[in-house]
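A.B. asks: Questions regarding the structure given below will be posed in turn.
The values are calculated or read from the model by the stated rules, or taken from the named source; none is laboratory data. Predicted model, so just to flag it, every value in this text is computed and none were measured. As a convention, Cβ positions derive from the backbone with ideal geometry for all residues, glycine included, and neighbour counts pool all protein chains shown. The area values use the complete protein model at the heavy-atom level, side chains included, leaving out ligands, DNA and RNA. Shrake-Rupley method; radii C 1.70, N 1.55, O 1.52, S 1.80 Å.
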Amino acid sequence: MPRYDLHCHSTWSDGVLSPGDIVRRAAAQDVDVLALTDHDEVGGLAEARQAAADAGIALVDGVEVSVSYHEETIHVLGFRIDGARPALVAALAGIRHGRDARARRISASLESAGIDGTYDDARALAGNEELISRAHFARVLVSRGVVRDTHDCFKSYLVPGKPGYVPHAWPALGEAIAWIRDAGGSAVLAHPGRYRFDADAMRGLFAEFRDAGGEGIEVVTPAHTPKQYVEFATLARVHGLKGSVGSDFHAPEESVMDLGGAPALPEGVTPIWSDW
């Protein structure tokens, strides 16, 4: 049975490996079908596509779009997109411009907590200067010895109520889904278990996502426990959504799960790739 990994990141967003190295690592891990899903960016797809052809694995052109939903930042994956579609290209460029403004505000917030000069350091770490993320700031704090590792950083900094956190308005859910669909892709809600919603709000999110044209939810991901795999598979069936699997791989030293390390989907949920 083919091994799918439909969620990972390269140096074009907040990963530490180039698109080509991501593909080669996935091939070494016996991944058959890989989606590169950089945050708000499709610039790495051409390199990944060439590396996949050389490595003999299938590449799914993907993206992960940042969205604001009920005062929570959520993420929508787009699979099998046309990364040259003008509406998508323009939308992602606008989001990246907003990310730079957010990065400067994060730096100012950290400076008020006595941690100076983080914007320039984070920018130096970013493979793509248009996309400085919280992960880059976390790596700066690790390199300075402020925190032990990036997981510790996200407990002590960069999250609501902690130094380095700044609110930000991303595009609306319906906009992100429309851009993905306009680019010929399928929209999938990423790692829903990460979002701070109660059961009623989560059901409301799934219903709104489906009604706006969303096709699936990420069921198996390192953000979920095995119990949640089953819970989200059930919710996918109830809401008429398909299921996806991804490692959400960013870096060998940071990621909980390596490329291709995600278990199979639970029985009874239709895979997002069922009609590919």
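A.B. asks: How large is log10 I(q)/I(0) at q = 0.29 Å⁻¹ when the Debye formula is applied to the Cα atoms of segment 206-249, each weighted equally and without solvent?
C.D. replies: Log10 I(q)/I(0), no solvent term: -0.99.
A.B. asks: Taking 8 Å as the Cα distance limit and 6 or more residues as the minimum spacing, I'd like the relative contact order of the chain as a percentage.
C.D. replies: Values: 545 pairs, mean separation 56.1, N = 276.
The normalised contact order for the chain reaches 20 percent.
A.B. asks: Enumerate the aspartates and glutamates that LYS162 could reach by cross-link, defined here as Cα to Cα under 19 Å, with residues fewer than 8 away along the same chain left out.
C.D. replies: Excluding near neighbours in sequence, the set is GLU71, GLU72, GLU111, ASP116, ASP149, ASP152.
A.B. asks: Another question, then. Straight distance only, please: which lysines reach the Cα of LYS227 with their own Cα at less than 28 Å, same-chain residues fewer than 8 apart left out?
C.D. replies: The reachable lysines, counting only those whose Cα sits under 28 Å from LYS227, are LYS155, LYS242.
A.B. asks: Magnitude of the Cβ-charge dipole of the chain, K/R +1 and D/E -1, about the Cα centre, nearest 20 debye? Present the calculation step by step, with values, prior to reporting the outcome.
C.D. replies: On the way: 26 positive and 39 negative charges, 76 e Å.
About 360 debye.
A.B. asks: Over the Cα atoms of segment 11-100, Rg to Rh with Kirkwood Rh, two decimal places? Before the final figure, lay out each step's value.
C.D. replies: Numbers: Rg = 13.6 Å, Rh = 13.6 Å.
Rounded to two decimals, Rg over Rh is 1.00.
A.B. asks: Post the alpha-carbon centroid distance, segment 119-159 to segment 174-253, in whole angstrom.
C.D. replies: 26 Å
A.B. asks: With a 1.4 Å probe and all protein chains left in place, how much accessible area per residue does segment 168-276 have, in Å²?
C.D. replies: On the way: 4560 Å² over 109 residues.
Dividing the accessible area of segment 168-276 by its residue count gives 42 Å².
A.B. asks: Tally up the carbon and sulfur contribution to the accessible surface of the chain as a whole percent, 1.4 Å probe, everything protein left in place.
C.D. replies: Numbers: 5780 of 11680 Å².
That fraction is 50 percent.
A.B. asks: Among DSSP beta bridges lying fully in the chain, give the percent that are antiparallel, nearest 5.
C.D. replies: Working: 12 of 28 bridges.
Around 45 percent antiparallel, to the nearest 5.
A.B. asks: Let me check something: with ligands and nucleic acids excluded, how do TYR69, TYR157 order by accessible area (1.4 Å probe), largest to smallest?
C.D. replies: Numbers: TYR69 15, TYR157 45 Å².
Highest to lowest solvent-accessible surface, that is TYR157, TYR69.
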